[in-house]
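What follows is a single structure, written as structure tokens, with notes after it.
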Amino acid sequence: MAKSFNDFSKYYKGLILIFILLLFWEIAVEFDFISNLVLPKPSKILKDGIIMLSARVFYINFFGTLYNWFFAFIVGMSIGLFLGFLAGINRQIEYVILPLSAFIRSIPPVALFPVFLILIGPGKLPIIIAGIIGVIIYVFPIAHQAAESSRINTPIYLMFWLLIVLILLKYLLFPVQ
């Protein structure tokens with residue numbers, strides 16, 4: 001029990017600072033130093049957040065977005081592992097994919113979303129595509145490095161990763177009902 005109190009005592013100054021900043025923010029909005037339209041009061045934000053959490057629509061949208069991101073994660077992981085492993089075991093594929101990967105990795109995945117929104121239009125598809133590319137550009141180098149370091153045992157690792165990718169794609173394309 002003393003250990004948990006000691007852990008809290010390390011952070012209480014930071015928590016007090018946050019509380020003081022929220023108090024100044026509340027007072028600044030109350031006395032119109034800051035416009036309520038620009039920065040609403042923390043108490044109003046908290047009250048509206050609690051109301052939002054009690055609405056069914058919030059959870060429908062939350063879990064719908066979560067499903068889209070998991071879908072993008074699984075597809076991106078499958079593609080990234082497959083391409084990374086192929087590039088790791090085959091030099092010709094590596095020479096083609098590695099420069100492209102280095103170029104795409106220089107662009108933050110968050111910056112890709114507006115591009116896909118403009119190219120594809122609003123909806124779920126731009127979010128899913130940006131998520132897939134975001135996962136690929138971070139998974140590809142890891143899979144590439146793992147495959148490159150295991151060139152000696154290539155057939156074993158290739159079968160292992162292909163099996164994982166096929167299982168993921170099977171459950172993605174043909175979900176159990």
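The values are calculated or read from the model by the stated rules, or taken from the named source; none is laboratory data. A quick note: this is a predicted structure, and the numbers were derived from the prediction, not measured. Positions of Cβ are generated from backbone atoms using ideal geometry, with glycine treated the same way; all protein chains shown enter the neighbour counts.
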Selection from segment 87-121 of residues modelled with pLDDT under 80 and part of a loop (DSSP other than H, G, I, E, B) yields N90, I107, P108, G121
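Look through L125, L39 and report the one residue that is without any contact (Cβ under 8 Å) to a residue 24 or more places away in the chain and outside any helix (DSSP H, G or I). Explain how you work it out, then say what you get.
Working: L125 fails: outside any helix (DSSP H, G or I).
Only one candidate passes the filter, namely L39.
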Note on segment 47-100: residues exposed (fewer than 15 other Cβ atoms within 10 Å of the Cβ) and hydroxyl-bearing (S, T, Y) are S54, Y59, T65, Y67, Y95
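Rundown of residues vs (1) within 17 Å of the chain's Cα centre (by Cα); (2) of a type in the set (S, T, N, Q); (3) at pLDDT below 70; (4) assigned by TED's automatic domain parsing to the domain that holds F82, yes/no style:
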| site | (1), (2), (3), (4) |
| --- | --- |
| K124 | yes, no, no, yes |
| I127 | yes, no, no, yes |
| V139 | yes, no, no, yes |
| E148 | no, no, yes, yes |
| L158 | no, no, yes, yes |
| L162 | no, no, no, yes |
| V165 | no, no, no, yes |
| L169 | no, no, no, yes |
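Run down F31, F8, F58 and say which single residue is under 31 Å from the mean Cα position of the chain (by Cα) and modelled with pLDDT of 90 or more. Even if it seems obvious, please write down each step before you answer.
Values: F31 fails: under 31 Å from the mean Cα position of the chain (by Cα); F8 fails: modelled with pLDDT of 90 or more.
Only one candidate qualifies: F58.
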Please work out if G64 is more than 17 Å from I164 (Cα to Cα) and out of contact with any helix residue (DSSP H, G or I) (no Cβ under 9 Å at 6 or more places or on another chain). no
